[in-house]
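Data first, discussion second: the structure below is written as structure tokens.
Nothing in this text is a laboratory measurement; each read-out follows from the coordinates by a stated rule. Since this is a predicted model, take the numbers as computed values, not measurements. Neighbour counts run over all protein chains shown; Cβ positions are idealised from the backbone, glycine included.
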């Protein structure tokens, strides 16, 4: 009986997150198709840059390198507000050092497959108490996906903002920017 209850619970959780339960469903599906085409063309080897900023003027970026479908490098840079006395913080983690830095603004070490999954299962899910955002770049690839709770004043975006996605050179193949 416990197995049956567990199975029913799992099925209800998965069915609650179907694509048609998300905002921007049609646009998301088009972007997902563009992503799968890019993934194939790039041999699943690319870089993407996640960006963020605060209303006080500080900003940060994380560039993730994915090689053959695995994150192999993470570069991070924090730039303080212009009138701040804080230093610029910058670091790079290679494949053997991933996730050794704990700066909370650094983007997760995830592939774009995982970004699309998180967009579908969390960031774009229909909610009554939020404003949802979804944008794509000129090639149709995801550039913004997330939400802001209603009534939130500052720095409340939950999701991802991607400035650039580009193919990388592998074994002498030329890089191709998007």
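Take the Cα of residue 108, step 7 Å toward its Cβ, do the same at residue 33, and the gap between the two points is 2.7 nm.
Among rounded, prolate and oblate, which fits the range 22-167 when a ≥ b ≥ c are the square roots of the eigenvalues of its C-alpha gyration tensor, a/c under 1.5 means rounded, and a/b larger than b/c means prolate? Note, shape of the range 22-167 comes out oblate. Packing order of peptides 92-104, 70-82, highest average first: 70-82, 92-104 (average count of other Cβ atoms within 10 Å over each peptide's residues). When you count the other C-beta atoms within 10 angstrom of each residue and take the mean per peptide, 60-66, 37-43, 124-130 line up highest first as 60-66, 37-43, 124-130.
The length gained on full extension between residue 95 and residue 40, counted as 0.36 nm times the residue separation minus their Cα-Cα distance, comes to 17.5 nm.
Once the piece of chain linking residue 117 and residue 70 is laid out straight, how much longer is it, given 0.36 nm per residue of separation minus the C-alpha distance between them? Result: 15.4 nm gained on full extension. A simple spin-label model places the labels of residue 152 and residue 139 2.9 nm from each other, with each point 7 Å out along Cα-to-Cβ. Taking the range 29-66 and a reference point 7 angstrom along Cα→Cβ of residue 88, the backbone N atoms nearer than 13 Å belong to 59-61.
Exposure proxy for 35, 91: other Cβ atoms within 10 Å of each Cβ, ordered fewest to most, give 91, 35.
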